[in-house]
Structures are given as structure tokens and as C-alpha cells.
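So the structure is just underneath, and the comments pick up after that.
The values are calculated or read from the model by the stated rules, or taken from the named source; none is laboratory data. In this text the structure is predicted, and so the values were computed from the model without any measurement. Methodologically, a virtual Cβ is constructed for each residue, glycine included, from the backbone with ideal geometry; neighbour enumeration extends over all protein chains shown.
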Amino acid sequence: MMESGIFDMISNFFYMDGRWSYIWSAYAVAALVLAINVILPKLIRGSIEKQIRRRIELEKE
Amino acid sequence: MFKSIKNFFHRQGSPRYFYQTCGALIPWFAWICVILMVIGLVQGLVFAPTAKLHGETYRIIYVHVPSATLSLSIYVIMAISAAIGLIWHIKTADIIAFSSAPIGFSFTLLALITGSIWGYPAWGTWWEWDARMTSELILLFMYAGIIGLGLAIEDRRTAANATAILTLCGVVLIPFIIISVDPRFGFNVLHQPRSNLLDAKEVAPGIAIPWVIMIFSFLFFYGTVLMMWIRNEILRRERNTQWVKNLVTGNQ
């Protein structure tokens, strides 16, 4: 059912038999979604810690 | 032995211990995810054979199917956690359910976008209102509704109960999405039927192995990000406790 299809040149790998725009755009979106998933909780954690620190300082005053 | 395991799980009901457990597990999950993803992507993009029917375009499968799998699995995990939180009022179950929603939303969106990108060269259309795609879109709206409801209610207990009920109502979507490509249930849709990865005649092992590896990689990614969200939610809920104050000011 399947053909052997290992790429013989690096340019063929990126070209993906003319379907490069579909394949690489799908992977770019996936990379973006994964990156947002990692960055967003880190940013939120920073803001939560900032709020808690501010509250502690207000309590001290 | 059994008693110490039981004690370990019992202690996880306390947000403080659960916070520490998540902190210890995050690096392990992250490394396993990265290793599996590198292996899966190299095998899937470089060494997997070309598919006769779809040509090279099928390589989108290595991000499309894992994200679609996660969109359903995360919802099931949310529903189980929501039910536990609703029945036994276990805080950590509420936190797992609430923290999973943004991750589930992002993977459902990713499944829809990558499916659409694959759909155009395969079917000649970016979108079709068939049962699979429409039900997946409804799942995206369910996630958005759960996130919105959770953020709109100030009181955490009320928010947890309301989102838990909404999550449990939406769980009927999951079996529908699963059968929505099955002709035995009367669905003759544009989306291709579910592939049997164990059948070498249907899917070549060179294609199936990286496919499975990528699914596991995404599951470990979910585990990693979920624990990051859980730690944030615990900090937010326990912000008035001394241990959180000590943690943030570095006295612990």
C-alpha cells in the first residue's frame, strides 16, 4: 500500500513533493500552539507571584 | 508498602503536597516529551515512507492526530476530575479539571486548523460541515464556555461546581465525535474513518510507529503543561496561606 519514500536530498525534504506550504504551515501552527502552552502559564505565574509580593508588602506597611 | 502508597495518594489531596509533587514531576515529563517528540518527528518527517493515496501531505498526521486525540482525552480527564470534585469536594480534582480547559481548547483548535490545512489538498476544501468537523468545533466551543464560566464566577467553590456541571453535560459529545466517522453508525462523511494502527495492511509500520510515538509525546506535553497550570492555580487559591507567602518571598 505504501511506497518507500525516504528523501535523497535535503531540498527534496523541504520541498515535500510540492506540498511544502501545507505541511510546513501545519507544523508552524503546531509549534506556535505548543510554545503558547509553555509560555502562557509561565507569564501567569509571574503575575501571580507579583500580586502576592505586593500584598505581603502592603501587609507589612 | 501498600500503606505508604495509600498515604502518598492521600497527601496529594492537600494542595501544598500536590504543588511539590507537580514541581518534582515536571522536569521528568518535559524530558520524556522532548525525547519522544524528536524521535517521532525525525521518524515521521524524514524516514516514514510516502503514502500512496495522500503523497507527502499525510505527514501532517503527526501533529493532527495527536492533537485531536488530546482534545478528546483531555475532555474525558476533565469530566472525571469534575465528577470527583463535585461528589467528594476534593480540591485537587477541581484544580485538575479547571487547569485542563485552556490546554484542551488549544489542542482542539490545533486539530481543527491542521485538519483544515490537510483538508484542502486532500479534499479540495478547507472546511466541510460534516459530523466529525462540526462536532469537534462544538467541542472547541464547550472548552471556551467552561473557561469563560470558570473565570466569570468569583467564588472558587461555586465556579468549580458550575464548570463541573457544564463539563459533565458536554461529555455526551465525546462518544459522538468518536463514532462520527464510522459508516456502521450511518456516518458517510468526508473525513476518513479511524485507522487501525495495529493492522500493517492498513497502516505501514514505518508510518504507524512514529504516529504512536507522537501521540505519547503529546500526552507527556499535556502532563507537563497541566502541572504548570496546576501549580499556578494552587498559588492563586492558597495565596493567603503562610507556605505560599514563604515560597514567593524565598523564605522556604
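Worth pointing out:
- Filter pass, residue B:26 being in a helix (DSSP H, G or I), surrounded by fewer than 17 Cβ atoms within 10 Å (Cβ to Cβ) and of a type in the set (Val, Ile, Thr): no
- Some residue of segment B:125-143 being in contact with an Asp or Glu (Cβ under 9 Å, 6 or more places away or on another chain) and either crowded, with 20+ Cβ neighbours inside 10 Å or of a type in the set (Gly, Ala, Ser) (or both): no
- Total residues in segment B:219-233, condition in contact with a Lys or Arg (Cβ under 8 Å, 6 or more places away or on another chain) and either of a type in the set (A, V, I, L, M) or under 18 Å from residue B:90 (Cβ atoms) (or both): 2
- Of the residues B:200, B:208, B:160, the single one that is modelled with pLDDT under 95 and either in contact with a strand residue (DSSP E or B) (Cβ under 8 Å, 6 or more places away or on another chain) or outside any helix (DSSP H, G or I) (or both) is B:200.
- Identity of the residue in segment B:234-251, more than 9 Å from chain A (Cβ to nearest Cβ) and charged (D, E, K, R), that ends up nearest to residue B:100 (Cα to Cα): B:237
- The criterion of being closer than 30 Å to residue B:185 by Cα, touching a residue at least 24 places away in the same chain (Cβ under 8 Å) and more than 16 Å from the chain's Cα centre (by Cα) holds for residue B:131.
- Residue B:224 falls short on exactly one of the conditions (1) modelled with pLDDT of 90 or more; (2) not in a helix (DSSP H, G or I), and that condition is (2).
- Of all residues in segment A:7-61, those satisfying the criterion of being of a type in the set (Asp, Glu) and either within 7 Å of another protein chain (Cβ to nearest Cβ) or under 13 Å from the mean Cα position of the chain (by Cα) (or both) are A:17, A:49.
- Residues of segment B:32-69 classified as out of contact with any Pro (no Cβ under 8 Å at 6 or more places or on another chain), closer than 16 Å to residue B:110 by Cβ and not hydrophobic (A, V, I, L, M, F, W, C), total: 5
- For segment B:134-156, the set of residues classified as of a type outside the set (A, V, I, L, M) and over 15 Å from residue B:99 (Cα atoms) consists of B:134, B:135, B:136, B:141, B:154, B:155, listed by residue number.
- Across segment B:69-76, not a single residue is classified as at the interface with another protein chain (Cβ under 9 Å from one of its Cβ atoms) and either under 30 Å from residue A:18 (Cα atoms) or among the charged types (D, E, K, R) (or both).
- Test: residue B:96 is more than 12 Å from chain A (Cβ to nearest Cβ), out of contact with any Asp or Glu (no Cβ under 7 Å at 6 or more places or on another chain) and surrounded by fewer than 21 Cβ atoms within 10 Å (Cβ to Cβ): no
- Filtering segment B:36-56 to residues that are in a helix (DSSP H, G or I), buried (at least 22 other Cβ atoms within 10 Å of the Cβ), more than 22 Å from the chain's Cα centre (by Cα) and in contact (Cβ under 8 Å) with a residue 60 or more places away in the chain leaves nothing.
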